[in-house]
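Asks: Below you will find the structure I want to go over with you.
The values are calculated or read from the model by the stated rules, or taken from the named source; none is laboratory data. On a predicted model such as this, the values are computed, not experimentally measured, just so you know. Every residue, glycine as well, gets a Cβ built from its backbone with ideal geometry; the counts of neighbours run over all protein chains shown.
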Amino acid sequence: MTESQLETAVQDIWNSMLGLEIQHTENKVVHAENTVTSSVSLTGTENWVVEVRCGWPMAQQVTAAMVGMDPGELEHADIIDALGEIANMCSGAVKPIVDVTAKTGMPSVAIGGAYQMTTPEVVVVTHVCMESGEEPLEVRVLASKAVAA
């Protein structure tokens with residue numbers, strides 16, 4: 001999976017599924033006090049993880065677009081569900097490129113500022129930093145060390 005393929009997949013999701021514009025930005029990594037990280041695993045002949053990270057404002061923007069509500073009306077659970085679904089959509093775009101036979105896991109979502117998400121025995125294969133309405137987004141594809149070797 002190349003950075004270009006991942007960037008195209010994220011742009012397609014933002015444009016077609018959310019009706020939002022998103023563009024590449026140079027290494028604008030998310031370091032917000034209220035960060036939302038969602039991930040989905042792909043398990044097949046090799047193991048993969050697709051991880052989506054953004055700040056709370058981006059999470060609200062995405063959720064509002066997805067459910068057609070004003071950001072002020074959103075419940076905490078709406079945002080968790082939406083970001084889990086975004087990770088699901090991203091993993092769905094990655095799966096045919098890395099392993100079409102892989103089984104898709106359940107999404108996991110972490111929220112806060114003082115946490116570290118770690119998946120043992122994996123390395124980052126590719127990642128993209130993007131921006132929608134001044135809000136940063138980072139999407140990473142991780143794989144078991146055997147894939148990266």
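Asks: List the pairs whose first member sits in region 71-84 and is touching a residue at least 40 places away in the same chain (Cβ under 8 Å), whose second member is of a type in the set (Gly, Ala, Ser) and part of a helix (DSSP H, G or I), and whose Cβ atoms are under 6 Å apart, counting only residues at least 6 apart or on separate chains?
Replies: If the second residue must be of a type in the set (Gly, Ala, Ser) and part of a helix (DSSP H, G or I), the pairs left are 79/59; 83/59.
Asks: Does region 100-110 contain at least one residue that is free of Cβ contacts under 8 Å to residues at least 60 places away in the same chain and over 21 Å from residue 62 (Cβ atoms)?
Replies: Within region 100-110 (the criterion being free of Cβ contacts under 8 Å to residues at least 60 places away in the same chain and over 21 Å from residue 62 (Cβ atoms)), the answer is yes, since at least one residue qualifies.
Asks: For region 9-23, indicate whether the set of residues that are acidic (Asp, Glu), surrounded by 15 or more Cβ atoms within 10 Å (Cβ to Cβ) and not in a loop (DSSP other than H, G, I, E, B) is non-empty. Steps first, answer last, please.
Replies: First pass over region 9-23, keeping only residues acidic (Asp, Glu): 12, 21.
Remaining after also requiring surrounded by 15 or more Cβ atoms within 10 Å (Cβ to Cβ): none.
Within region 9-23, not a single residue is acidic (Asp, Glu), surrounded by 15 or more Cβ atoms within 10 Å (Cβ to Cβ) and not in a loop (DSSP other than H, G, I, E, B).
Asks: Exactly one condition in (1) farther than 18 Å from residue 10 by Cα; (2) polar (S, T, N, Q); (3) free of Cβ contacts under 8 Å to residues at least 60 places away in the same chain is false for residue 91; which is it?
Replies: Condition not satisfied by residue 91: (1).
Asks: Please verify whether region 52-63 includes one or more residues that are basic (Lys, Arg) and farther than 20 Å from residue 135 by Cβ. Full working, then the answer.
Replies: We begin by selecting, within region 52-63, every residue basic (Lys, Arg); these are 53.
Filter once more, keeping what is farther than 20 Å from residue 135 by Cβ: none.
So far as region 52-63 goes, no, none of its residues is basic (Lys, Arg) and farther than 20 Å from residue 135 by Cβ.
Asks: Would you point out the residue of region 67-88, among those that are modelled with pLDDT under 95 and under 18 Å from residue 21 (Cβ atoms), that is surrounded by the most Cβ atoms within 10 Å (Cβ to Cβ)?
Replies: My answer is 71.
Asks: Still on this structure, I have one more. Are any of the residues in region 82-98 in a strand (DSSP E or B) and among the aliphatic types (A, V, I, L, M)?
Replies: First, pick out the residues of region 82-98 that are in a strand (DSSP E or B): none.
Within region 82-98, none of the residues are in a strand (DSSP E or B) and among the aliphatic types (A, V, I, L, M).
Asks: Sticking with this structure for a sec: Go over the candidates 9, 64 one by one and state the one that is free of Cβ contacts under 8 Å to residues at least 40 places away in the same chain and not polar (S, T, N, Q).
Replies: On the way: 9 fails: free of Cβ contacts under 8 Å to residues at least 40 places away in the same chain.
Exactly one of 9, 64 is free of Cβ contacts under 8 Å to residues at least 40 places away in the same chain and not polar (S, T, N, Q), namely 64.
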